1. Can you name the strands (runs of 3 or more DSSP E) wholly within segment 1-105 that have at least 2 residues being in contact (Cβ under 8 Å) with a residue 40 or more places away in the chain and closer than 29 Å to residue 156 by Cα?
2. Run residue 180 past the list (1) open to solvent by less than 30 Å² (accessible area, probe 1.4 Å); (2) assigned to a helix (DSSP H, G or I); (3) more than 21 Å from residue 7 (Cβ to Cβ); (4) not basic (Lys, Arg) and report the number of the one that doesn't hold.
3. Checking the structure you have, find out if any residue of segment 203-222 is part of a helix (DSSP H, G or I), among the acidic types (Asp, Glu) and without any contact (Cβ under 8 Å) to a residue 40 or more places away in the chain.
4. So, in segment 309-322, how many residues would count as being surrounded by 12 or more Cβ atoms within 10 Å (Cβ to Cβ), among the aliphatic types (A, V, I, L, M) and either in contact with a strand residue (DSSP E or B) (Cβ under 7 Å, 6 or more places away or on another chain) or assigned to a helix (DSSP H, G or I) (or both)?
5. Based on this model, can you work out whether residue 166 counts as assigned to a strand (DSSP E or B), within 30 Å of residue 47 (Cα to Cα) and open to solvent by less than 70 Å² (accessible area, probe 1.4 Å)?
6. What residue, among those in segment 134-163 that are under 12 Å from residue 85 (Cα atoms) and not hydrophobic (A, V, I, L, M, F, W, C), is surrounded by the fewest Cβ atoms within 10 Å (Cβ to Cβ)?
7. So which residues in segment 119-150 are closer than 18 Å to residue 198 by Cβ and part of a loop (DSSP other than H, G, I, E, B)?
8. Could you please find all residues in segment 414-438 being within 15 Å of residue 353 (Cα to Cα) and among the acidic types (Asp, Glu)?
Amino acid sequence: KGMVLLHHGIFTFADDAKTSYTRMVRLVTKAEEYIRKKRAVVHFAKAKINDDLPGLANIRQTVSRARNSAVIARWNPGDRQVAFADHPKMAAIAIRGPLTPDHVIRTKRVPVIIDQNPEKNIERFAKEYRQYFRRRASAGLKPLDPAPRWAVWPGYGTISFGTTLAEANIINDITEHTIGAILVAEKLGGWQALPEKDIFEIEYWELEQAKLSKNTKAPIFQGKIAVVTGAASGIGKACVETLRAQGAVVAALDIDPAITKIFKQPEALGIICDVTKPREIENAVSATVRRFGGLDILISNAGIFPSSAMIAQIDQGAWQKSLAVNLTSHQLLMKACIPYLSLGIDPAIVIVASKNVPAPGPGAAAYSVAKAGLTQLARVAALELASKGIRVNVVHPNQVFDTAIWRPEVLASRAKNYKMSVTEYKTNNLLKTEITSRDVANLVATMAGPVFAKTTGAQVPIDGGNERVI
């Protein structure tokens, strides 16, 4: 009626699914009763959550390099995870092997244990994995990448690594069950897994490998982590959607509370943030790193378009607000992100400026001056951050009318300044075409990706062609 396969799991049999399932419940209940009778139930004290986000980003960067692919690092500081990481026998019990050999294709045989030198820990893990492969491999086998799939981090809990958030979540689930089983087994006489030889045979068994090899090309930004500001509408929203479609996980920041509900996928984290407030920016960046493990891409997009006014009639409050949102907020954001971008994978910053920088128009001084200052900020950032491997490039959109800043009254006012109809103003470029948020987002994503891998300090217009710019 049933079978316990040592070091692997339990099976039940019947002529119909319901009976088989009932037998499974009965046998598992019997095991649970045995654990209670032996007083082997494990209770976890409330963990004190330590916070070392730069350390987390550093671990994630090092694992990504070992895997030769960007990864999401899901940090779990739960009670169970911290108790296991701080267990007095952790160094011995964590490396005995997986809960079941099937798990090895997800988690590898053992985790990496992190101490005060994560780089050396991960380098040693990779070296030992290569040795493990050489000890067990037969002719014709090709080694998998040597990077760990999960880490035990004393004082902090566990970290699961995946090239997608879904993979990281699966590994997190597996390790959570593994931890509980190990600690119960220790109370029942000691945790013991299958020998290394048997685990290797499962890890490199042709049918098991087929589960993971789907022969599909990874999206450009798979494993990458991005922050986009002004993400509730227009260019920002389009950037989030474009980066997500190309594999990235994204923190979407906006002052609009609706940002928490706009994106339904777990790979898009909506965060309410007033980018003129340093503390809110710092909290948003920290939440991003805490959720995904680091930061690779910053799309600095948030902006406003003040009502048109000639210089002599500019309201000083409107002038200061434009400088605060269109210039200073970007500096605050870069300041908060640079420490994590420095620990990123092929890190890039893309600044969304304006056609008004190379070709300003009358009545838009508050906007044009702030965007010109933003462009200069980006140029200086390109000079300063190149040594850290961070690229900084600028896009100059013009007339993107499906954005929040182009309210009907603003559009009508700008068209009037140029003595045009609204329709004429919308296509006022050499190609006589309207530029959409999606057009800008496609360019922004390209500049954040491998096509621009060797370009920094560039300013690229997306305006349909403008005689004054050209």
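1. Fully inside segment 1-105 and qualifying: 72-76.
2. It is condition (3) that residue 180 fails.
3. Checked against the condition, which is being part of a helix (DSSP H, G or I), among the acidic types (Asp, Glu) and without any contact (Cβ under 8 Å) to a residue 40 or more places away in the chain, segment 203-222 yields at least one hit.
4. The qualifying residues number 1.
5. no
6. The qualifying residue surrounded by the fewest Cβ atoms within 10 Å (Cβ to Cβ) is 155.
7. 137, 138, 141, 144
8. Selection gives nothing.
The values are calculated or read from the model by the stated rules, or taken from the named source; none is laboratory data. Since this is a predicted model, take the numbers as computed values, not measurements. We place every Cβ from the backbone using ideal geometry, glycine too, and count neighbours over all the protein chains shown. For the accessible areas, the whole protein counts, side chains as well, though only heavy atoms, and no ligand, DNA or RNA atoms are used. Shrake-Rupley method; radii C 1.70, N 1.55, O 1.52, S 1.80 Å.
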